[in-house]
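First up is the structure itself, then whatever we jot down about it.
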Amino acid sequence: MRAEKGSFWHIGVIGGSGLTAGIELEEAQEIAVSSPFGEPSGPVVTGRLEGIRFTFIARHGAGHRIPPSAVNYRANIDVLARCGVTDVLALSAIGSLREEMAPGHMVMVDQFIDRTHGRNGSFFGTGMVAHVSLADPVCPRLSRLAGEAARLAGAAVHPAGCYLAMEGPQFSTRAESRMYRAWGADVIGMTGMPEARLAREAELPYAMLGMVTDYDAWREDEAGVEVSHVLEVMHANARIARQTLRLLAATLPAERTHSPIDHALDHALITAADARDGGLVARLDAVAGRVLDRG
Ligand SMILES: CSC[C@H]1O[C@H](OP(=O)(O)O)[C@H](O)[C@@H]1O
Ligand SMILES: Nc1ncnc2[nH]cnc12
């Protein structure tokens, strides 16, 4: 079962590298939520910031135990939907493919190129087929609000950027890095996909604030990426990330108005009622209950 969203904000935060220890929430409590899509990355913590409800999941689990290829992106998005989250903000470490996007800067990611493979990229499948639009994979409203909050927190913020999602876990070769630049990618990471596409299937407006930690491998005179350096930069920016969330909470409009993404599934389901797989339909209760319950 999934009801229509009301007028209250409930922000789901997926914290990436460097944010594994969580975010500071008032009245924070760990909640037990299970998903028919398996185990989420780790404990789900809910609480408030400036009166607004936030629910947090560490993408790589406690102690950064889960590599990008093994993150259960479906379970993470499904449990956020089950918790009644209205919108999802991802905070991620990213490499820069552009000179002007310097380490320490933030990027409001607005497009993705997906080079990942072998990950579960859809909630739907045989017995319940759905095709959602992904032309604009990021929610412009949430992205703008998060970007403004980051600016208020003192970050240098880039208003747009195309994120190349690579499989990893190794960083790119110099040839790959140069090729991604030629393709028009601006930043690179290992986790934005299929996370963004799954959020869309779950009708959750999704935005990603990427924190630049390095210049990837395209600059000839620069050494390759070192994970210790990435984490150093992330830790140096953790204060800004926390401040960004607090300012986001403080500057959200008092009422959440409808987003077209709240109804992304309205015209997406194409399997005839008598051809549907009951087991799969049951598993889709949180993701697609709003439309499946219509009969
Ligand atoms: C720790 S360096 C590589 C690692 O960092 C990024 O993670 P996240 O997007 O969760 O912040 C990148 O995607 C890799 O998973
Ligand atoms: N250069 C890079 N490549 C992939 N993921 C990253 N995360 C942070 N920096 C990265």
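The values are calculated or read from the model by the stated rules, or taken from the named source; none is laboratory data. Quick caveat: nothing in here was measured; it's all calculated off a predicted structure. So basically every Cβ, Gly included, is an ideal-geometry build from the backbone, and we count neighbours across all protein chains shown. Side chains included, ligands, DNA and RNA excluded: accessible areas come from the protein's heavy atoms. Shrake-Rupley method; radii C 1.70, N 1.55, O 1.52, S 1.80 Å.
Which is more than 15 Å from ligand 1 (Cβ to nearest atom), among the basic types (Lys, Arg) and crowded, with 24+ Cβ neighbours inside 10 Å, of 74, 82, 53? Talk me through it step by step, then tell me what you get.
On the way: 82 fails: crowded, with 24+ Cβ neighbours inside 10 Å; 53 fails: crowded, with 24+ Cβ neighbours inside 10 Å.
Unique residue meeting the criteria: 74.
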- Message: Whether any residue in region 86-103 is assigned to a loop (DSSP other than H, G, I, E, B), touching a residue at least 60 places away in the same chain (Cβ under 8 Å) and at positive phi is what I want to check.
- Response: no
- Message: Of the conditions (1) away from ligand 1 (no atom under 12 Å from the Cβ); (2) at negative phi; (3) not aromatic (Phe, Trp, Tyr), residue 63 satisfies every one except a single condition; which number is it?
- Response: (2)
- Could you please find all residues in region 25-46 being without any contact (Cβ under 8 Å) to a residue 40 or more places away in the chain, under 19 Å from the mean Cα position of the chain (by Cα) and not in a loop (DSSP other than H, G, I, E, B)? 38, 44, 45, 46
- Task: Would you check if residue 231 is over 25 Å from residue 16 (Cβ atoms) and surrounded by 14 or more Cβ atoms within 10 Å (Cβ to Cβ)?
- Result: no
- Specify the residue that is nearest to ligand 1 (Cβ to nearest atom); the eligible residues are those in region 1-24 that are more than 20 Å from residue 67 (Cβ to Cβ), within 19 Å of the chain's Cα centre (by Cα) and modelled with pLDDT of 90 or more. 13
- For residue 197, indicate whether it is closer than 21 Å to residue 113 by Cβ, of a type outside the set (Val, Ile, Thr) and open to solvent by 20 Å² or more (accessible area, probe 1.4 Å). yes
- Evaluate the following for residue 54: is it in contact with a strand residue (DSSP E or B) (Cβ under 9 Å, 6 or more places away or on another chain) and closer than 24 Å to residue 71 by Cα? yes
- Note on the structure: When residue 177 is run through (1) over 21 Å from residue 11 (Cβ atoms); (2) open to solvent by 50 Å² or more (accessible area, probe 1.4 Å), the failure sits at (2)
- Scanning region 26-43 residue by residue, those open to solvent by less than 30 Å² (accessible area, probe 1.4 Å) and modelled with pLDDT under 95 turn out to be 42
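Take residue 90 and tell me if it is among the small types (Gly, Ala, Ser), within 30 Å of residue 226 (Cβ to Cβ) and either within 16 Å of ligand 2 (Cβ to nearest atom) or open to solvent by 20 Å² or more (accessible area, probe 1.4 Å) (or both).
On the way: among the small types (Gly, Ala, Ser): yes; within 30 Å of residue 226 (Cβ to Cβ): yes; either within 16 Å of ligand 2 (Cβ to nearest atom) or open to solvent by 20 Å² or more (accessible area, probe 1.4 Å) (or both): yes.
So residue 90 passes the test.
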- Note on the structure: Pairing a residue in region 180-192 that is small (Gly, Ala, Ser) and more than 12 Å from ligand 2 (Cβ to nearest atom) with any residue that is open to solvent by less than 30 Å² (accessible area, probe 1.4 Å) and part of a strand (DSSP E or B), where Cβ atoms lie under 6 Å and the two sit 6 or more apart in sequence or on different chains, gives 184/162
- Output the residues belonging to region 247-295 that are of a type in the set (Lys, Arg), open to solvent by 80 Å² or more (accessible area, probe 1.4 Å) and farther than 17 Å from residue 4 by Cβ. 283
- Note on the structure: Residue pairs qualifying under the 7 Å Cβ cut-off, at least six apart or on distinct chains, with the first in region 156-169 being closer than 25 Å to residue 70 by Cβ and within 9 Å of ligand 1 (Cβ to nearest atom) and the second being open to solvent by less than 30 Å² (accessible area, probe 1.4 Å) and not in a loop (DSSP other than H, G, I, E, B), are 165/112; 165/189; 165/192; 165/193; 166/188; 168/68; 169/68
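Among 259, 177, which is the only one that is among the hydroxyl-bearing types (Ser, Thr, Tyr) and more than 21 Å from the chain's Cα centre (by Cα)? I'd like the intermediate steps shown before the answer.
Numbers: 259 fails: more than 21 Å from the chain's Cα centre (by Cα).
Result: 177 is the single residue among 259, 177 that is among the hydroxyl-bearing types (Ser, Thr, Tyr) and more than 21 Å from the chain's Cα centre (by Cα).
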